[in-house]
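No lab work stands behind these numbers, since they all come straight from the coordinates. Predicted, not measured: the structure shown is a model, and the values here were computed from it. Here the Cβ is made from the backbone with ideal geometry for all residues, glycine too, and neighbour counts use every protein chain on show.
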Amino acid sequence: MTTIGDLPEDVLVELLSLLPAGDLLHRCRLVCTQWRYVVDLTTLWKRKCQRDGFYSQSLDRSVSDWKIFYMLCHSKKNLIKNPCAEENFKHWTIDANGGDRWRIEDLPGAHGNNTPDPAVHKYFVTSYGSCLKSQLITLKTEGYFNQLMDEKRPEITVKDWYAARFDCGCRYELTVRLLSEDYIVLEEFHPEPVVIEQWSDARWREISHTFQNYPAGVRHIWFQHGGQDTQYWAGWYGIRVTNSSITIGPLTSS
């Protein structure tokens, strides 16, 4: 009688690649020596990447471990919580609340535009004094363990969207720090503040940065953004921000 163990290796790879990664690693791999061998094959994890849309031929030479590559792609998520103001200021720490303080408004807002993403409906807006808010992300809490971060150093990609009102100038600033267990800064992204003049196009702009080959020991990520208007008008005429994100893992189209 023919059993599943009698199947050719390529057929077994095809069948097992249909299963969830957790089942492969914690169940199938323990069945027998043959299955452990197949589950550890590069071809199986490459096939799973193809099935889930994480694969392109240009990656063939750049991926050193297809299993890790798959796991990172599969678990990729936005680590910034409440990025689009749908939960008021929940999860955010207000570091500076100048002028008439931070406020939340609905898109497109007065003298504004909608963002390119139709799923975004709200934004945070600053006033005439400095307004800054931040989030501290602990990587282990999000499932990114020390060994993975130190040995594989997966890409950490930061994105933020900002816009001005048409009728008022404003200033936008962003700081992102990779921190050690003891909150020592290991690497930082802090571009020059962006100053938008009055009578701009009020278009939403994206800023993006990817940390690569950073030092070992990254355990936290600190994200801070904000700004103010440049004409000191009472109310909420300053920079608008929304749809912030931090993701960890390979840069793919998915």
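First check a/c for segment 4-75, with a ≥ b ≥ c the square roots of the eigenvalues of its C-alpha gyration tensor; if it is under 1.5, answer rounded, and if not, answer prolate when a/b is larger than b/c or oblate otherwise. In terms of gyration-tensor shape, prolate.
Restricting the trypsin sites (Lys or Arg not before Pro) of segment 26-64 to loop positions (DSSP other than H, G, I, E, B) with no more than 16 neighbouring Cβ atoms within 10 Å leaves 27, 61.
Between residue 198 and residue 138, the modelled label-to-label distance comes to 4.8 nm, taking each label 7 Å out from Cα in the direction of the beta carbon. In the chain, the calculated helix contribution to ellipticity at 222 nm averages -5000 deg cm²/dmol per residue, counting -39,500 (n - 2.57) for every DSSP H run with n ≥ 4. Placing dummy labels 7 Å off each Cα toward the beta-carbon, the span from residue 34 to residue 95 is 5.8 nm.
Here the dipole of the chain is about 360 debye; that uses its Cα centre as origin and unit charges on the Cβ of Lys and Arg (positive) and Asp and Glu (negative). About the centre of its Cα atoms, segment 1-98 shows a dipole size close to 140 debye [charges on the beta carbon of Lys, Arg (+1) and Asp, Glu (-1) only; nearest 20 debye]. The lysine pair count for segment 1-116, using Cα distances under 28 Å and pairs eight or more places apart or on different chains, is 12. Note on segment 115-242: with charges restricted to the Cβ of Lys and Arg (+1) and Asp and Glu (-1), its dipole about the Cα centre is near 300 debye. Computing FRET efficiency as 1/(1 + (r/R0)^6) for residue 206 and residue 151, where r is the C-beta to C-beta distance and R0 is 35 Å, gives about 0.70.
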